[in-house]
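Enquirer: First the structure, which I've put down as structure tokens, then a few questions once you've had a look.
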Amino acid sequence: MDDFKKYFLEADAIDTFLKWYEAAKKVEENPEAMTLSTAGKNGFPSGRLILYKGLIEKKFAIYTNYHSRKAIEMSENPKASLTFYWHKLGRQVRIEANVEKMPEDLSRKYFHSRGRESQVASLISKQSSPIDNREKLEKLFNEKLSSLQNKEIPYPENWGGFLLKPLRFEFFLYREHRLNDRFLYEIGPFKTSITRLQP
């Protein structure tokens, strides 16, 4: 069996992820960028780049409008995957997870931690719905920002978080001649198994 330490791995998948993320923060321009992939009841997958917002009780936190495509798909099919790619570090992390809606108190707390402009943008946006042009969007934003001057931004009931509880991690290190190192962590109810995969 390999000495996992020389591959920068820990026995715990979350510990390994955090170790890799901290290393990425030192060399990557956007280490927090990750691809969230979802699929609704129609089975068609969709992916988009979003930003890593941290862990809550070992679950990945994401925030969105609950009427957005990704939110609807995660509600219809509460499974999703995350992918991190760190080019300079030569590493990739793939995560498969079950999805649950975040408690509202945590969503509210995060919402009010954001800048006022970001709060207003979330308040006025009907995410993923059509709009005629950018001028209309900016008009809505500026009118709402002006009307709420010196007031607390109200929490939008159609906005909040999801928690992704990981089931599987794949830690991928790029090597010469495509002889890449891949390690699969499968998280069971009592222990985590670690398997080396062929490139």
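A short reminder: the numbers here are calculations on the coordinates, not readings from a lab. Because the structure is a prediction, the values reported are computed rather than measured. Methodologically, a virtual Cβ is constructed for each residue, glycine included, from the backbone with ideal geometry; neighbour enumeration extends over all protein chains shown.
Enquirer: Using +1 on the beta carbon of Lys and Arg, -1 on that of Asp and Glu, and nothing else charged, what's the dipole of region 65-115 about the Cα centre, debye to 20?
Expert: Around 320 debye, computed over region 65-115.
Enquirer: Oh, and also: Could you please state, rounded to a whole Å, how far the C-alpha centre of region 1-69 is from the C-alpha centre of region 163-199?
Expert: Taking the Cα centre of each part, region 1-69 and region 163-199 sit 13 Å apart.
Enquirer: With Cβ to Cβ distances under 10 Å as the rule, what net charge do the other residues near Thr35 carry (K, R +1; D, E -1)? Mind dumping the intermediate values first?
Expert: Values: positive: Arg48, Arg94; negative: none.
Computed value for this residue: +2.
Enquirer: How are the C-alpha pair distances of region 14-114 spread across 10 Å bins, as whole percents from the shortest bin up?
Expert: Result returned by the calculation: 14, 45, 33, 9, 0.
Enquirer: Moving on. In terms of the ratio Rg/(2.2 N^0.38 Å) built on C-alpha atoms, what value belongs to region 72-159?
Expert: 1.43
Enquirer: To the nearest 20 debye, what is the magnitude of the charge dipole of the chain about its Cα centre, counting +1 on the Cβ of each Lys and Arg and -1 on the Cβ of each Asp and Glu? List each step's numbers first, then the result.
Expert: Details: 34 positive and 27 negative charges, 32 e Å.
About 160 debye.
Enquirer: Straight-line reach from Lys26: which lysines have Cα under 16 Å away, leaving out those fewer than 8 places along the same chain?
Expert: Lys88
Enquirer: For the chain, what is the convex hull volume of its Cα atoms per residue in Å³?
Expert: Per-residue hull volume (Cα only) is 157 Å³.
Enquirer: I need the shape label for region 1-41. Rule: rounded when a/c is under 1.5, else prolate if a/b > b/c, else oblate, with a, b, c from the alpha carbon gyration tensor.
Expert: Verdict is oblate for region 1-41.
Enquirer: Let me ask something additional. Would you mind checking the radius of gyration and Dmax of region 113-154 based on alpha-carbon positions, in Å?
Expert: When restricted to Cα atoms, region 113-154 yields Rg and Dmax of 10.6, 31 Å.
Enquirer: Within the set Lys101/Lys151; Lys126/Lys151; Lys25/Lys79; Lys144/Lys165; Lys5/Lys25; Lys109/Lys151, which residue pairs have Cα atoms separated by over 25 Å?
Expert: Working: Lys101/Lys151 28 Å; Lys126/Lys151 22 Å; Lys25/Lys79 28 Å; Lys144/Lys165 36 Å; Lys5/Lys25 20 Å; Lys109/Lys151 17 Å.
Over 25 Å apart, Cα to Cα: Lys101/Lys151; Lys25/Lys79; Lys144/Lys165.
Enquirer: Can you find, among Ala121, Leu173, Ile95, the residue farthest towards the positive end of the dipole of the chain? Put +1 on the C-beta of Lys and Arg, -1 on that of Asp and Glu.
Expert: Looking along the dipole axis, the top candidate is Leu173.
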